[in-house]
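Data first, discussion second: the structure below is written as structure tokens.
A short reminder: the numbers here are calculations on the coordinates, not readings from a lab. As the structure is a prediction and not an experimental result, all values here were calculated from the model. Here the Cβ positions follow ideal geometry from the backbone for every residue, glycine too, while neighbour counts run over all protein chains shown.
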Amino acid sequence: MNSADAPGPDCSIDRVEHAMGIIRGRWKVLIIHHLAVHQPRRFSGLERAVPQVTQKMLIQQLRALEADGVVRRIVHPEVPPRVEYELTAAGMTTPLSRLSGRVWIHPGDPDPEAVKPCVAVVADDAGSTVVDAGRSPAHARSVQAAMAEAGLPAARRLVYTHHHWDHTWGACAWEAEEIVGHESGAALLSAEARRPWSHAYLKEQVAAEPGLGPSFTARARAMGSWADFAVRPPTRTFADRLVLPGGIEVRHVGGRHAPDSTVVAVPDSGVMTASTHRRSICVSPAPQARRSTWGRSPRWWRRASTGTSTATARRGGLRPPE
């Protein structure tokens, strides 16, 4: 190895040894893993997730991780007190990965019951564009920490693929200049913003309408704290199509999943993002799609919104008409 390849002082073995020291022990890695998959969690939830650990040992390990700045303990002012645990920015271990060109992806949870979609980041020196805001402020902060670690510019704007809570509730944690969304979603989110969101409110609504149970239970699990939380409607809306700085194309496609469903394309990277039921997908189209004029393929855009899988897209299922 020549001197150019030698690691510098900032990435020395000392950092690795420090990290290994923090997670040393039989249970810490499992605790971090389960918090990364689903957070925040109550103590009882961690006990169920790691049934082999004793209560005393779990308390000790959580205190040690809290002292190291990896885990945050949240005490809710309720009677009796409710305590939850979540990873801090330093404890977020799920990194961004480059999908193609300047598009990066922060993966969601593959378990559909977790209701945690992926978030896409389009890097730009003038400020990154983030596609979907995350399901909660904690989710948004994990994406922000990953962006900082990857050296990506801070977010300049958010783009909503649709108005559902798991794609928009993280918006209040972003310091973005604008939020872009379809005009039909703006009205829906404005109505959502007027509701008195809290764990008590969620329970009341489920008691009155049990059909809301799955959605509202997932929201309760995602939200560790309601402090400073607010639903943020789009600040910039469009009716059909919008071209953002950097050549990012936003197109309304609608459909059964949500009336404001939107597809976001980054032609210079050959990537399109869309959302389907309980997940988000990012597709790298075939070379023919990259050379085409994206704005002249309405039939292809509409097919892209129907939930076609990534595998189908890579076989040419989302290839625009010749």
Notebook entry, point to check: Which value results for Rg/Rh of the stretch 82-235 when Rg is the Cα radius of gyration and Rh the Kirkwood radius based on the inverse mean 1/r?
Noted result: 0.97
Next item on the list: At 7 Å along the Cα-to-beta-carbon direction for both SER190 and CYS172, put a label point, then send me their distance in nm to one decimal.
Entry: 1.9 nm
Check: By a straight-distance test (C-alpha under 16 Å), which lysines pair with LYS28 as possible cross-link partners, with residues fewer than eight away in the same chain excluded?
Finding: LYS56
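Arranged from highest to lowest average of other beta-carbon atoms within 10 Å per residue, in what order do the peptides 160-172, 187-199, 97-109 appear?
Answer by packing, highest mean first, reads 160-172, 97-109, 187-199.
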Next item on the list: For LYS116, go through the aspartates and glutamates and keep the ones whose alpha-carbon is under 14 Å away, minus same-chain ones fewer than eight residues off.
Entry: ASP132, ASP166
Margin query: Multiplying the sequence separation of GLU66 and GLU149 by 0.36 nm and subtracting their Cα-Cα distance, what value in nm do you get?
Written below: 27.8 nm
Next item on the list: Report the relative contact order of the stretch 74-172, percent, no decimals, based on alpha-carbon pairs under 8 angstrom and at least 6 residues apart.
Entry: 24 percent
Notebook entry, point to check: Pulled fully out, how much extra length does the chain show between GLU209 and GLU183, if you take 0.36 nm times their separation in residues and subtract their Cα-Cα distance?
Noted result: 6.5 nm
